[in-house]
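Report on one structure; see the data block that follows.
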Amino acid sequence: MKNELSPSWLQLDNSTIEVCREIEEQGGIINEEQEKRLASLVLSTKTKVFNLCTYLDSRDAEIEFIKERIRLAKEYLDGLVKKRQDLLDGAKFIMERSGLSKVEGDMGRKITLRKSTSVIVEIGVDHLPLQFVNTNPKPDKVAIKKAIESGQIVEGCSLVENKNVNY
């Protein structure tokens, strides 16, 4: 996927560097022409920041739109799955009542009942031997952060300061 934004959107361009060098050579004194050029460059930067924020707003709107479409598609899918199961349950009910294990239709299509075995666990997981318990341990990062912030040493863990971009 092509990156739509160039990192140059906030970099100093040659004319900004040129004006800054001129001002430096003049001992930090800005003349009227340089002031106009700098004002123009600042406005250009403000426009770039405004445009970037507007672009990000449109991406946020697109993300929300897609999330809503996914939610609606999931609702639709759930309805299809439920309808399918209702049809299978209905066929099972009729076949059991009729004493049938197989019903054949046109073109070799058929519906059959088959026996299967499933496990019903009637006790709590804490009463089962460990060999019958799935475990998926993962660090509790919230608790670790609180402990470290309160001065505790948590071996193998540390806090890292991140910088996040907001607009």
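Bear in mind that the values in this text are calculations on the coordinates, not laboratory data. The shown structure was predicted, so the numbers you read here are calculated from the model rather than taken from an experiment. For neighbour counting, all protein chains shown are included, and Cβ atoms are generated from backbone atoms with ideal geometry for every residue, glycine included.
How far apart, in nanometres, would the label points at Glu155 and Phe132 be if each is projected 7 angstrom from Cα along the Cα-to-Cβ direction?
Going by the 7 Å Cα→Cβ label model, 3.4 nm.
Which FRET efficiency value, to the nearest 0.05, is calculated for Val81 and Asn162 with the Förster distance at 30 angstrom and r the Cβ-Cβ distance?
Computed FRET efficiency for Val81 and Asn162 comes out at 0.15.
Name the trypsin sites (Lys or Arg not before Pro) in segment 70-116 that are in a loop by DSSP and that have at most 11 other C-beta atoms within 10 Å, would you?
Working: sites: Arg71, Lys74, Lys82, Lys83, Arg84, Lys92, Arg97, Lys102, Arg109, Lys110, Arg114, Lys115; in loops: Arg109, Arg114, Lys115.
When the trypsin sites (Lys or Arg not before Pro) of segment 70-116 are filtered for loop state and at most 11 Cβ neighbours within 10 Å, Arg109, Arg114, Lys115 remain.
Convex hull over the Cα atoms of segment 9-149, averaged projected area in nm²?
Averaging across all directions leaves 22.7 nm² for the Cα convex hull.
Assuming R0 = 35 Å, what is the FRET efficiency of Lys141 and Tyr55, from their Cβ-Cβ distance, to the nearest 0.05?
Details: r = 32 Å, r/R0 = 0.92.
Efficiency for this residue pair is about 0.65.
Only loop residues by DSSP count here, and only those with at most 12 other Cβ atoms within 10 Å; note down the GluC sites (Glu not before Pro) in segment 60-167 that meet that.
Filter output for segment 60-167: Glu122, Glu155, Glu161.
In the structure shown, do any of Lys83/Lys138; Lys83/Lys110; Lys82/Lys102; Lys48/Lys145 have a Cα-Cα gap over 27 Å, and if so which?
Lys83/Lys138; Lys48/Lys145
About its Cα centre, how strong a charge dipole does segment 9-149 have in debye, to the nearest 20, once Lys and Arg get +1 and Asp and Glu get -1 at the Cβ?
I would put it at about 1480 debye.
For the chain, calculate the relative contact order in percent as a whole number, restricting contacts to Cα pairs under 8 Å that are 6 or more residues apart.
About 10 percent, as a whole number.
Any idea which of Thr16, Ile111, Ile148 is furthest toward the positive side of the dipole for segment 9-149, if Lys and Arg beta-carbons carry +1 and Asp and Glu beta-carbons -1?
Final value for the positive-end residue is Ile111.
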